[in-house]
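The values are calculated or read from the model by the stated rules, or taken from the named source; none is laboratory data. Because the structure is a prediction, the values reported are computed rather than measured. Cβ placement follows ideal geometry from the backbone for every residue including glycine, while neighbour counts extend to all protein chains displayed.
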C-alpha cells in the first residue's frame, strides 16, 4: 500500500464529503479523486519515466494540494518549491533535482523562470499548458499503478537549516506511510476534523495532508494567513486543528480583541518547526486551553519521531519535553564514541526505523556520515528520562563552550523568556579571546516595554548562574527569520558583527 492509496480508499468510502475548501470552492472527495487521476495521467503522458521529479511552486491553495496528490498518484517524486523563497534558491533546487515537470501559479512562475522542460500552470485558462485544460483532456482516465516498492522515493525535500548548504532529503514511501499512521493515531484524527492550513504545504504542513484525507477530514485553505483570517477560520468555519510555527501562534494571541472563545472547536494546536521556550508554552496553553501539543522530527525523519499530546503537556514532569517515540521508530541517545547512553544522560539524539530518510540526493558521502549502522545522527543534543520522554537541549553545533563549560542556548533562552519584558529571544556563542566563546543574546522586547541589558543579565544570573549569563545582550525590533519562521542565528551574528 502506498501513501496515495489512503486517499483513494477514503474517496470510495465517503465520495460526497468535503475534502478541500477555500473561499472559491468546496471540493468533494469524489471530485478531487477524479481530478487527481486525470492530472496524474497527464503527468505520466508528459513523462512516462517512473520516479521522475515534479516540482511544485505555488501559494497555499486547493490546486496546490491537488497537484501534490496527482504527483503521488503518478508514481513520481515531489520536489517542493517554497513560493516564499528567492529565485536564487529555487534555481539551485531545480538545478540539483532536474525535474522534468514543474507546476506553478502566477507568483511561482516568476521564481521558476524557464528552466524546466515542461512547465504547467494553475489557474491560467488562456495558457495552453493550463492544468485545468489537461484535467479536462484526460478526464475519466486513470494513471498506471505504482509498483516501485516501499523504499522508493516519495519526495525530495531540502533541509531548512540556518547554517550550511541545504541538502536534498530523499523521503521514501515507508516514511510517509509511517507518518500517516502516527498522525492519525496520535492526534485521534476523524472525519469531523477541519484542519486550518496556515503554514506552507511545502514544509511541515505537508505531513498532515495525507492523514487528514485518509480519515475523511476537511482541509480549509485561507486567502491570507494573517492573524485575523486565521482567527475567523476557527471562529466561523469550525476549525478543529492546525500546525503552526511558534511565531505565528504568538501573532494570533497578540491580535486585538482575540479570546479563547474565538476557537470553539479547536482540539489540537500543534506547534513545531522551531523551538518554543517553556515559558512561552505555558502562556500558549493558558490562552488556548488544554489543546496544545508538539512533535519532534526533522526533514531526515519527518515531523513525528516523538509526540507530546495535549493531555501529556499538562503534566509538570513533561515541562520542556517533546514527547515519547512514535510507532515504527526507535530513538536513542548516543555518546561521541558511538555507544548508546542510559536514561538521563545527555548525548546526541539518534533515530532508526521507517521514518528515516533514504539518504541525501546525490550526496552519498554526506549520507554515510549521517546514517551509521542504521542510526540517523540528528545533530541534536538531548536526554531521555526513565519514562521515555525526550528532552532536547540544542543542536550540537549550537552548544557554546565558554571557559571550558558547555552552555546550551535553549536553557538560557528559557530563562530569558520568563522575564516579563521579553517577547522573543535567541542565544548564541561568539568567538572570544578570554572565554573561547562568549554567551550572547538577541532580544525582541514586548510592545511598550523598555529594559536595560543589565537587568536581563541579572535575571538570567539569578536563574542559572554566572557561567550561562550572556556577556552581551543585543536588542532587535524583529529577529531575522527564514521563510518558514525559523530564527536565523547566523543572520543575527552577521548583523551584530558588522563593523
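For residue 224, the criteria (1) over 28 Å from residue 414 (Cβ atoms); (2) outside any strand (DSSP E or B); (3) touching a helix residue (DSSP H, G or I) at 6+ places or on another chain (Cβ under 8 Å) hold in every case but one, which is (3). Scan region 13-27 for residues that are in contact (Cβ under 8 Å) with a residue 40 or more places away in the chain, within 13 Å of residue 218 (Cα to Cα) and over 26 Å from the mean Cα position of the chain (by Cα) and jot them down. Selection gives 14, 17. Is at least one residue of region 97-111 in contact (Cβ under 8 Å) with a residue 60 or more places away in the chain and surrounded by fewer than 21 Cβ atoms within 10 Å (Cβ to Cβ)? Yes, region 97-111 contains a residue that is in contact (Cβ under 8 Å) with a residue 60 or more places away in the chain and surrounded by fewer than 21 Cβ atoms within 10 Å (Cβ to Cβ).
Residue-by-condition table, conditions (1) more than 29 Å from the chain's Cα centre (by Cα); (2) surrounded by 18 or more Cβ atoms within 10 Å (Cβ to Cβ):
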residue: 413; (1), (2): no, yes
residue: 432; (1), (2): yes, no
residue: 446; (1), (2): no, no
residue: 450; (1), (2): yes, no
residue: 459; (1), (2): yes, yes
residue: 465; (1), (2): yes, no
residue: 468; (1), (2): yes, yes
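Counting only helices (runs of 4 or more DSSP H) that sit wholly inside region 58-135, those with at least 3 residues that are at pLDDT 95 or above and closer than 19 Å to residue 4 by Cβ are 62-73.
Within region 28-47, how many residues turn out to be over 20 Å from residue 104 (Cα atoms) and within 27 Å of the chain's Cα centre (by Cα)? Outline the logic, then answer.
Let us first name the residues in region 28-47 that are over 20 Å from residue 104 (Cα atoms), namely 28-31, 33-34.
Retained after the next criterion (residues that are within 27 Å of the chain's Cα centre (by Cα)): 28-29, 33.
So the count comes out to 3.
Here is a yes/no grid of residues against (1) modelled with pLDDT under 95; (2) within 28 Å of residue 342 (Cα to Cα):
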residue	(1), (2)
383	no, yes
392	yes, yes
403	yes, yes
425	yes, no
429	yes, no
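For residue 157, the conditions (1) over 17 Å from residue 81 (Cα atoms); (2) buried (at least 23 other Cβ atoms within 10 Å of the Cβ); (3) out of contact with any helix residue (DSSP H, G or I) (no Cβ under 6 Å at 6 or more places or on another chain) all hold with the exception of (1). Taken over region 459-499, the criterion of being farther than 22 Å from residue 83 by Cα and in a strand (DSSP E or B) is satisfied by 472, 473, 474, 475.
In the set (1) touching a helix residue (DSSP H, G or I) at 6+ places or on another chain (Cβ under 7 Å); (2) surrounded by 14 or more Cβ atoms within 10 Å (Cβ to Cβ); (3) not in a helix (DSSP H, G or I), residue 144 fails one condition alone, (2).
Test residue 257 against the criterion of being over 21 Å from residue 22 (Cβ atoms) and modelled with pLDDT of 95 or more, and give yes or no. It would help to see each step written out before you state the result.
Details: over 21 Å from residue 22 (Cβ atoms): yes; modelled with pLDDT of 95 or more: yes.
Here the answer is yes, as residue 257 does meet what is asked.
With respect to residue 293, is the statement that it is crowded, with 23+ Cβ neighbours inside 10 Å and either touching a residue at least 24 places away in the same chain (Cβ under 8 Å) or within 12 Å of residue 391 (Cα to Cα) (or both) true? Break it down into steps so the answer makes sense when it comes.
Numbers: crowded, with 23+ Cβ neighbours inside 10 Å: yes; either touching a residue at least 24 places away in the same chain (Cβ under 8 Å) or within 12 Å of residue 391 (Cα to Cα) (or both): yes.
So residue 293 passes the test.
The number of residues in region 268-277 that are out of contact with any strand residue (DSSP E or B) (no Cβ under 6 Å at 6 or more places or on another chain) and buried (at least 18 other Cβ atoms within 10 Å of the Cβ) comes to 4.
Collect the residues in region 229-248 that are modelled with pLDDT under 95 and either part of a helix (DSSP H, G or I) or closer than 15 Å to residue 259 by Cα (or both), keeping them in residue-number order.
Taking region 229-248 and keeping what is modelled with pLDDT under 95, we get 244-248.
If the condition is that a residue be modelled with pLDDT under 95 and either part of a helix (DSSP H, G or I) or closer than 15 Å to residue 259 by Cα (or both), then 246, 247, 248 are the ones that fit.
Only a single item in (1) in contact (Cβ under 8 Å) with a residue 24 or more places away in the chain; (2) within 21 Å of residue 484 (Cβ to Cβ); (3) assigned to a loop (DSSP other than H, G, I, E, B) is not met by residue 265, and it is number (2).
When you go through 227, 256 one by one, which is the residue that is touching a residue at least 12 places away in the same chain (Cβ under 8 Å), over 30 Å from residue 317 (Cβ atoms) and surrounded by fewer than 22 Cβ atoms within 10 Å (Cβ to Cβ)? Even if it seems obvious, please write down each step before you answer.
Numbers: 256 fails: touching a residue at least 12 places away in the same chain (Cβ under 8 Å).
When all the criteria are applied, what remains is 227.
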